[in-house]
Amino acid sequence: MIADGTVLRNPGESELARALGMIGGPAGNKIYDAAIVGCGPAGLATAVYAASEGLSVVLLDARSFGGQAGASARIENYLGFPTGISGQALAGRAFTQAQKFGADIMIPMAAKSLDCTARRWRLCAGARWRRPRAGALRRGGERRALPAARNRKPR
């Protein structure tokens, strides 16, 4: 049973996290000033700075916050932490700060497609289209070769 009296029967991780208020859900037809895909250090920093300037921000990630840095045992070269910090602690602080400034964080919410052909951006996330005024895409978690790199002959 959660705080409002609702009883969850066999909830999945996402359903339980949403019920406890750990993650947000879709915010209807809201038009965001910025949509950020990827909740690693770059995405979280972008959300913090954009939201702190008063922009309405939505931050999406298919898995969890923190990205590859979230799995690091110790990060010693990050500004402001001369003795180092764990990746999970750093990501947790950034996540909390983004929420503090009002960023809507949707996890797990995969970005399926992006349409920039019209005068407005449209981002398909989950089963719905979201309409941001601007977007930022950062995909650091999956290594892949760029098309030009695949065709280049080795020296």
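Within the group A62, A45, which residue is in a helix (DSSP H, G or I) and small (G, A, S)? Matching residue, one of A62, A45: A45.
Residues that are at pLDDT 80 or above and β-branched (V, I, T) within region 1-43 comprise V7, I36, V37, listed in sequence order.
The values are calculated or read from the model by the stated rules, or taken from the named source; none is laboratory data. Quantities reported herein were computed from a predicted structural model and do not represent experimental measurements.
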